[in-house]
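In what follows, a structure is listed as structure tokens, so that the remarks can point back to it.
Here, each number is a calculation from the coordinates, and none is a lab measurement. Fair warning: this is a prediction, and the values are worked out from it, not measured in the lab. Cβ atoms come from the backbone with ideal geometry, glycine included; neighbour counts cover every protein chain shown.
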Amino acid sequence: MEVRHKAKKSLGQNFLQDDNIARKIVDSLKISEGDSVIEIGPGRGALTKHILEASPKKLMLIEMDRYLAPALAEEYPTAEVVQEDALKFLWEELDSGENWKIIGNLPYNVASKIMWDIASKSPAVNCVFMVQHEVGLRITAKQGSRKYGGISAWIQSFCQTQYLFQVPPTVFKPKPKVDSAVIKFYSLPNSEKPSDPEGLANLIKFCFQYRRKQLGNTLKSFVSDSLLQWMEEEGLTLKDRPEALSPLQFQGLYNCIKKDFP
Ligand code: SAM
């Protein structure tokens, strides 16, 4: 796609130049003909043409750049182009009867917030994102590991996450300063997702704010007999640190505290 404009740093515009990597990213979403696909930040269309080759039922392109959005609409007339900030998109309003899959080489400065919103609000079954390598490692980190933190526990409360592959800066123009990672989300069944996402988010943030502190100190105002009993059943102690808790255990902890301190 030929759009003569300078890449904007403020919009995280690092355009992918390697067509084999673009195809590999799109292939990892495994698009079928019945799927409805959303691409976030299509830019100059590096991924878009490969998405259309997979013949999805529909394709929505969310692009904030006011020069790129009309050029995309002209180049890909079968796609619905939405010129909007993905941070303001109402993910919860997507038709849950469709089989949504979401993909994007995300702008680094807002990637975590976009993924946070999509994981917790959208009905998408699968997502594939390219993000800053460090962010990719955190989001896919397993409980107990060094990289496991608040964003890992939060996103993994809604989906299983998988690290797919690393992408070097040399395949972008302009080149970013760091490596990128391609990661995949597999949505959990609705019955396994948190019933009070906001409350759970606050608890996870609260616990990881004091990452090096033992749970007994962080949660001292909430310790009750039932909390201690729940911890024992889960094989946890007040000496554990927050990274010891799986996403499901954070939900258990939240339910316990909410029962005692409604
Ligand atoms: N997909 C293209 C590629 O792989 O070459 C472009 C990727 S570039 C890293 C990020 C894209 O997201 C840019 O096109 C940028 O204009 C767009 N963008 C940045 N912030 C956005 C936002 N908040 N909402 C929607 N699009 C955004």
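Counting other Cβ atoms within 10 Å, keep those with at most 15, restrict to DSSP loop, and tell me which trypsin sites (Lys or Arg not before Pro) in the stretch 36-66 are left. All intermediate terms of the calculation are to be shown ahead of the outcome.
Numbers: sites: ARG44, LYS49, LYS57, LYS58, ARG66; in loops: ARG44, LYS57, ARG66.
Those satisfying the criteria are LYS57, ARG66.
Rounded if a/c is under 1.5, else prolate if a/b is larger than b/c, else oblate: which is the stretch 195-262, with a ≥ b ≥ c the root eigenvalues of its Cα gyration tensor? It is rounded, given that a/c, with a ≥ b ≥ c, falls under 1.5. Using a/c under 1.5 as the rounded threshold, could you call the chain rounded, prolate or oblate? The axes a ≥ b ≥ c are square roots of the C-alpha gyration tensor eigenvalues, and prolate needs a/b larger than b/c, oblate otherwise. Because a/c hits 1.5 or more and a/b exceeds b/c, the chain counts as prolate. By its C-alpha gyration tensor, with a ≥ b ≥ c as the square roots of the eigenvalues, how is the stretch 75-118 shaped: rounded for a/c under 1.5, else prolate for a/b larger than b/c, else oblate? The shape class here is oblate. Counting lysine pairs in the stretch 1-96 whose alpha carbons fall under 23 angstrom apart, excluding pairs fewer than 8 residues apart on the same chain, gives 13.
Would you please name the GluC sites (Glu not before Pro) within the stretch 1-89 that are DSSP coil residues with at most 15 other C-beta atoms within 10 Å of their C-beta?
Numbers: sites: GLU2, GLU33, GLU39, GLU53, GLU63, GLU74, GLU75, GLU80, GLU84; in loops: GLU2, GLU33, GLU63, GLU84.
Taking the stretch 1-89 and a limit of 15 other Cβ atoms within 10 Å, the loop GluC sites (Glu not before Pro) found are GLU2, GLU33, GLU84.
Across the stretch 167-216, the volume of the C-alpha convex hull divided among the residues equals 171 Å³ per residue. For the stretch 180-252, the number of Lys pairs with C-alpha atoms closer than 24 Å, counting only pairs eight or more positions apart or on separate chains, is 8.
For the stretch 162-232, state which trypsin sites (Lys or Arg not before Pro) are in a DSSP loop and have at most 15 other beta carbons lying within 10 Å of their beta carbon. Intermediate results must be reported in sequence, preceding the final value.
Numbers: sites: LYS177, LYS184, LYS205, ARG211, ARG212, LYS213, LYS220; in loops: LYS177, ARG211, ARG212, LYS213.
Filter output for the stretch 162-232: LYS177, ARG211, ARG212, LYS213.
Ignoring the sites themselves, what is the longest stretch of the chain with no chymotrypsin sites (Phe, Trp or Tyr not before Pro) in a DSSP loop and at most 16 other beta-carbon atoms within 10 Å? Longest site-free region, per DSSP loop and neighbour criteria: 68-209.
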